[in-house]
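Derivation of every value follows stated rules applied to the coordinates shown; laboratory data play no part. Computed from a predicted model, the values in this text were never measured in an experiment. Neighbour counts are summed over all protein chains in view; Cβ atoms, including those assigned to glycine, are modelled from backbone coordinates with ideal geometry.
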Amino acid sequence: MKATIKVDVYDATVVLVTSNAELMKVSTHATLDMRFITLEQGDVYTVLVSDDWGDFHDHRFIRCVSHEMSHVAMCILGKARVNFDYENQEALCYLQDYLVGAAFKAL
């Protein structure tokens with residue numbers, strides 16, 4: 001499965017794949033042993049969350065998607081020089097929420 005998520009406000013694109021074979025097709029930085037990873041290439045973030053459990057509703061799959069989208073959100077905000085910290089969390093939380101929601105909508 002492959003989904004593309006546009007993040008227009010930050011001019012970024014997230015490509016979500018659920019198998020290593022799909023990752024190898026879309027990223028030159030991939031290796032055969034990857035199962036869960038976020039790769040950054042300019043403004044494109046390629047996320048692999050392997051479908052090891054055969055069910056996109058399995059809690060482990062959901063947690064892995066959320067985890068990887070946290071990495072993506074921090075990378076996007078960092079590149080855009082948007083500060084986030086303990087007292088300024090909303091940009092991070094809203095972006096992660098958008099990314100996770102878009103990922104599951106695409107699945």
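Find how much the distance from residue 74 to residue 2 grows on full extension, using 0.36 nm per residue of separation minus their present alpha carbon separation; answer in nm with one decimal.
On the way: separation 72, 0.36 × 72 = 25.92 nm, distance 2.18 nm.
Gain in length upon complete extension: 23.7 nm.
Under a point-charge model restricted to the Cβ atoms of Lys and Arg (+1) and Asp and Glu (-1), what is the dipole moment magnitude of segment 2-106 relative to its Cα centre, in debye to the nearest 20? Each step should come with its number before you reach the end.
Values: 9 positive and 15 negative charges, 45 e Å.
The dipole magnitude comes to about 220 debye.
What distance in nm separates the simple spin-label points at residue 41 and residue 97, each placed 7 Å from Cα in the Cβ direction?
3.2 nm
Can you show me the helix-derived [θ] at 222 nm for the chain, built from DSSP H runs with n ≥ 4 at -39,500 (n - 2.57) apiece and divided by the number of residues, rounded to the nearest 500.
Numbers: 3 runs with 45 residues, N = 107.
Computed ellipticity for the chain at 222 nm equals -14000 deg cm²/dmol.
Please report the orientation-averaged projected area of the chain, defined via the convex hull of its C-alpha atoms, in nm². Mind dumping the intermediate values first?
Values: hull surface 26.4 nm².
Spelled out: convex hull of the Cα atoms, projected over all directions, averaged, 6.6 nm².
Kindly express, to the nearest 10 degrees and within the range 0 to 90, the angle between helix 90-106's C-alpha long axis and the longest C-alpha principal axis of the chain.
Roughly 30 degrees, rounded to the nearest 10.
Compute the distance from the alpha-carbon center of segment 65-103 to that of segment 6-41, in whole Å.
Value for the Cα centre distance between the two parts: 17 Å.
Sort out the exposed loop chymotrypsin sites (Phe, Trp or Tyr not before Pro) in the chain (DSSP loop, at most 14 other Cβ within 10 Å) and tell me the longest stretch that has none. Let's see the in-between values first.
Working: sites that count: 53, 86.
Answer - 1-52.
For helix 59-79, what angle does its Cα long axis make with the longest principal axis of the chain, in degrees from 0 to 90 and rounded to 10?
50 degrees
Looking only at the chain, where both bridge partners belong to it, what percent of the DSSP beta bridges are antiparallel (to the nearest 5)?
On the way: 13 of 18 bridges.
Here the share of antiparallel DSSP bridges comes out near 70 percent.
Would you kindly state how much longer the chain becomes between residue 29 and residue 56 on full extension, computed as 0.36 nm times their sequence separation minus their alpha carbon distance, in nm to one decimal?
Working: separation 27, 0.36 × 27 = 9.72 nm, distance 2.53 nm.
My answer for the length gained is 7.2 nm.
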